[in-house]
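Asker: This is the structure I have questions about; it appears just below.
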Amino acid sequence: MVAPLYTTASGLLFHAGKILVVTVGLPARGKTHIARALERYLRWMGIKTQVLSLGDYRRKVIGGATKLPPDYFTLGEKSAETMALRQSVAEGCEQQIWNFFNSGGQVVIYDANNGTRAARQKLAEKFDKEGIHVVMMESVCDNVKVIERNIRSVKISSPDYKGWDPDKAVEDYWSRIRDHEKYYEPVEETTWPFIRIINVGEKIMVNDIRGYLQSRIVFFLMNIHNRHRRIYFARSGQSLMEHSYKSDSDLSPSGWEYAEKLKEFVMARRKNSVEEKPGNSRRLVVWTSARRRSHHTAWPFLTADVAKDVKVVEKPQMSEINPGVWDGLTPDQVKKYYPDEWERFVKDPYAYRAPRAESYHDLCVRVESILVELEREQEDLLIIGHASVIRCLLAYLIGLPASEIPAIEIARGDLLEVVPTSYGVHSQAFHFWDGPGRNNGDEPGEPGKDEKNFYENYAEDTKGKRKIGFENAE
């Protein structure tokens, strides 16, 4: 989304060429988490990016660990059968890398251990000869608690350990790690650009990073972590003048009631999550825009009973999208008074900018700094915002294409919960409000529906609207 709205003959952006990011590190060092997070960010920038995991490819073509020879994961002497099998898997995954580059892809993140200098050198030379830039990305972790958390939260839930006793799976994975430690060679060679990440974001070292895109990769990696946290999204309460962007009106009586219900529901949900997973000592951070209806929806969180566990922060970048001359108009009125602009808008709702307005692309560029802060935030986070802003943030987290952003339905009265994981995100939707201001159904004129708030309700007015794949948890 941050990328300029242009295409080139090669399909490559930022004059950066093609880049192969080779992950390096012992097992359970957060490589997959880092790789998936970087993939999400680069795709947001408009870069054609893909993570190709050697482990995922091996499980796809062979199966779980129970179907492998006993010496498959050991790095010492191996049988001829095991050597041939490992070679076949490596060559097959490597061919997938070539296929992605040949089909127009720009960045591949090769997710594997790559623990020896000889193996890294051989791989890098092969792609360098074809004009592909190679960057080593090493994840180093000496914090035993972080490693143990990675094993229990990610590794033992993989298909390799399906049906295993959790403690025995952890013990088996530790034995795999100890075997790798005997042969592991850290990245000390300066032949290739490299990024070394220590304890998943605690410290970062770089060598010979060149160009805009590689620098953006480093910038992003400086802001990530892999601590478990929950991210909640909710629309602000109903305001006195819903249809006016310029008025910045306060909450209506129903809006204040909604704010109280939101606080009660969020705090109850957090209490339940602590009971499900003891030891959660994270605070709740609440982000709002600087608009009254957003910030005032967070006021109940400042009451004495919960204030000690909550921090409320205004983010001016999170103001709703500016509708320009369409402010206060319904879609039917826009069609009538601005027929040419309407025709251009429906052809590309993401990129088109109405007169004196913002496009969704403009909005995505504006909230990019919010995305970086979102990645850096380690506490539980509640974002009380406008539908247009929430659409952009959700699209980033879930990985939706830009073209679908304007049609994502964000209903007032639903709390959306997103939990980032190493292999994507887990999402749920909780319904907590049915009062005035909630959008129900597709037809204009329903109770509580403001027909004049064009951008806030455009998705709800669109037939075939895009509903995010959240699990409903009433």
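Asker: Please count how many residues of the stretch 335-353 are surrounded by 15 or more Cβ atoms within 10 Å (Cβ to Cβ) and more than 34 Å from the chain's Cα centre (by Cα).
Answerer: Residues that pass the stated criteria total 2.
Asker: Here is a follow-up. Where in the stretch 112-217 are there helices (runs of 4 or more DSSP H), lying fully within it, with 3 or more residues that are assigned by the TED database to the domain that holds residue 95 and within 27 Å of residue 45 (Cβ to Cβ)?
Answerer: Here the list reads 117-128.
Asker: Using beta carbons and a limit of 8 Å, which pairs, at least six apart or on different chains, have the first residue in the stretch 299-325 and without any contact (Cβ under 8 Å) to a residue 24 or more places away in the chain and the second one surrounded by fewer than 19 Cβ atoms within 10 Å (Cβ to Cβ)?
Answerer: If the second residue must be surrounded by fewer than 19 Cβ atoms within 10 Å (Cβ to Cβ), the pairs left are 302/312.
Asker: Against the condition under 29 Å from residue 425 (Cβ atoms), of a type in the set (Ser, Thr, Tyr) and touching a Cys at 6+ places or on another chain (Cβ under 6 Å), how does residue 110 come out, does it pass?
Answerer: Here the answer is no, as residue 110 does not meet what is asked.
Asker: Here's another thing I want to ask about it. Taking residue 165, is it open to solvent by 10 Å² or more (accessible area, probe 1.4 Å) and closer than 22 Å to residue 214 by Cα?
Answerer: So residue 165 fails the test.
Asker: Hey, another quick one. Among the candidates 202, 188, which residue alone is over 30 Å from the mean Cα position of the chain (by Cα), over 23 Å from residue 412 (Cα atoms) and surrounded by fewer than 16 Cβ atoms within 10 Å (Cβ to Cβ)?
Answerer: It is 188.
Asker: OK, next. Just a yes or no: is a residue in the stretch 378-390 open to solvent by 40 Å² or more (accessible area, probe 1.4 Å) and within 27 Å of the chain's Cα centre (by Cα)?
Answerer: The answer is yes; a qualifying residue exists.
Asker: Determine which single condition residue 77 fails, assuming it passes every other condition in (1) over 25 Å from residue 397 (Cβ atoms); (2) touching a Pro at 6+ places or on another chain (Cβ under 8 Å).
Answerer: (2)
Asker: May I pose another question? Out of contact with any Phe, Trp or Tyr (no Cβ under 6 Å at 6 or more places or on another chain) and crowded, with 20+ Cβ neighbours inside 10 Å: is that true of residue 132 in this structure?
Answerer: When the stated conditions are applied, residue 132 does not pass them.
Asker: Could you tell me whether residue 242 is in a loop (DSSP other than H, G, I, E, B) and not assigned by the TED database to the domain that holds residue 135?
Answerer: It is true that residue 242 is in a loop (DSSP other than H, G, I, E, B) and not assigned by the TED database to the domain that holds residue 135.
Asker: I'd like the full set of residues that are open to solvent by less than 20 Å² (accessible area, probe 1.4 Å) and charged (D, E, K, R), limited to the stretch 284-334.
Answerer: 293, 320, listed by residue number.
Asker: Please work out which residue is modelled with the lowest pLDDT, limiting yourself to the stretch 302-324 and to residues that are over 26 Å from the mean Cα position of the chain (by Cα) and assigned to a helix (DSSP H, G or I).
Answerer: Out of the qualifying residues, it is 307.
Asker: Run down 36, 29 and say which single residue is buried (at least 20 other Cβ atoms within 10 Å of the Cβ) and assigned to a loop (DSSP other than H, G, I, E, B).
Answerer: 29
The values are calculated or read from the model by the stated rules, or taken from the named source; none is laboratory data. Because the structure is predicted, anything quoted here is derived from the model rather than measured. Cβ coordinates were reconstructed from backbone atoms using ideal geometry, including for glycine residues, and neighbour counts include every protein chain displayed. Calculation scope for accessible area: heavy atoms of the full protein, side chains included, ligands and nucleic acids excluded. Shrake-Rupley method; radii C 1.70, N 1.55, O 1.52, S 1.80 Å.
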